[in-house]
Amino acid sequence: MLRVLAVDDEKPLLEELLYLLRSDPRVLSAEGASDATEALRRVTRALESGPDGADGIDVVFLDIHMAGLTGLDIARLLAGFARPPLIVFVTAHEGFAVQAFDLKAVDYVLKPVRPERLAEAVRRACEQSARSEETPAAPVAAADRAPEQIAVELGGVTRFVAIADISYVEAQGDYARLHTDEGSHLVRIPVSTLEERWAARGFVRIHRRHLVALGRIDELRLDAGTTSVRVGSAELQVSRRHARELRDLLMRQATG
């Protein structure tokens, strides 16, 4: 059972979102906030009451475009709390998905909100909340130390490949082929798992078959409505679904 805070500066949209959330049997309580200041005050009060307090908040459903602080700004501030709530973004804009998931958002729901899509976001939040309760919190320093290498098998010998040396990953069923300047290695890990683990290292999904290290992209090509990237000697197709986000990321990287 989730205790929810919904944040949106448009009152009719906030009321509609609260109505849908309160109709879900997995939601214990759902309260609203119309701006960043009110949202942060409510979360702070919830933390002061303790995780099991009556005013506790398990998940925040956040609009992105609001007057003053945006939903992304609020999420960054909440991430610094000792026990931050889960985040679900609810927005009319598709272009912030990459930033949202960089902030470890549970889900990204587009407006107008469909009841079945919101129900799926609630389900994901329930699962994430349950996993958090089952897994003891690790010290922050340990959580931030992601592995620098990945183990691969080669002729019965285990080798360790530096993640920084991997240019791109190719999906091969339940396996993934890791491509480096020196060759390739097959590991029994789905690309979707590596996508989640390596997002903070700058790996981005460009196609259902490929995960690419952003810093290894040498060229972005647009030809007759199709998009591709050159990574070393390899030319990889970019799906329409990922093309816009990839262009935005490359532009931010070039101007950053």
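The values are calculated or read from the model by the stated rules, or taken from the named source; none is laboratory data. Source: prediction; values computed, not measured. Reconstructed Cβ throughout: ideal geometry from the backbone, glycine too, with neighbour counts over all protein chains shown. Calculation scope for accessible area: heavy atoms of the full protein, side chains included, ligands and nucleic acids excluded. Shrake-Rupley method; radii C 1.70, N 1.55, O 1.52, S 1.80 Å.
In a shell of Cβ-Cβ distance under 13 Å around residue 91, excluding residue 91 itself, what net charge do Lys and Arg (+1) and Asp and Glu (-1) give?
Residues close to residue 91 contribute a combined charge of -4.
For the range 62-134, which GluC sites (Glu not before Pro) pass both filters: DSSP loop (anything but H, G, I, E, B) and at most 14 other C-beta atoms within 10 Å?
Sparse-neighbourhood loop GluC sites (Glu not before Pro): 94.
Starting from the Cα gyration tensor of the range 1-134, take the square roots of the eigenvalues, sort them a ≥ b ≥ c, and report rounded, prolate or oblate (rounded when a/c is under 1.5, otherwise prolate if a/b is larger than b/c, else oblate).
rounded
According to a simple spin-label model (label point 7 Å from Cα along Cα-to-Cβ), what is the distance in nm between residue 224 and residue 76?
4.3 nm
Could you pull out every residue, at least 5 positions away or on a different chain, whose amide H is within less than 5 Å of the one on residue 66? Hs are placed 1.01 Å off N in the peptide plane, and Pro or chain starts have none.
Amide H to amide H, under 5 Å and 5 or more residues apart or across chains, residue 66 pairs with 71.
Return one whole number: the accessible area per residue of the chain in Å², for a 1.4 Å probe.
Normalised by residue count, the accessible surface of the chain is 58 Å².
Taking square-rooted eigenvalues a ≥ b ≥ c of the alpha carbon gyration tensor, is the range 154-203 rounded, prolate or oblate, where a/c under 1.5 means rounded and, failing that, a/b exceeding b/c means prolate?
Oblate is the answer for the range 154-203, as a/c is 1.5 or above yet b/c matches or exceeds a/b.
For the chain, restrict the atom set to alpha-carbon positions and state the Rg and Dmax in Å.
That works out to 20.6, 63 Å for Rg and Dmax.
Could you tell me how far the Cα centroid of the range 1-42 sits from the Cα centroid of the range 165-183, in Å?
Here the two parts' Cα centres lie 43 Å apart.
I need the helices of the chain that pass two filters: whole DSSP H segments spanning 27 Å or more by Cα along the axis, and mean Kyte-Doolittle score no lower than -0.5.
Helices meeting the span and hydropathy rule in the chain: none at all.
Using a 1.4 angstrom probe on heavy atoms only, work out the carbon and sulfur share of the accessible area of the range 73-122 in %.
Carbon-and-sulfur percentage of accessible area, whole number: 58.
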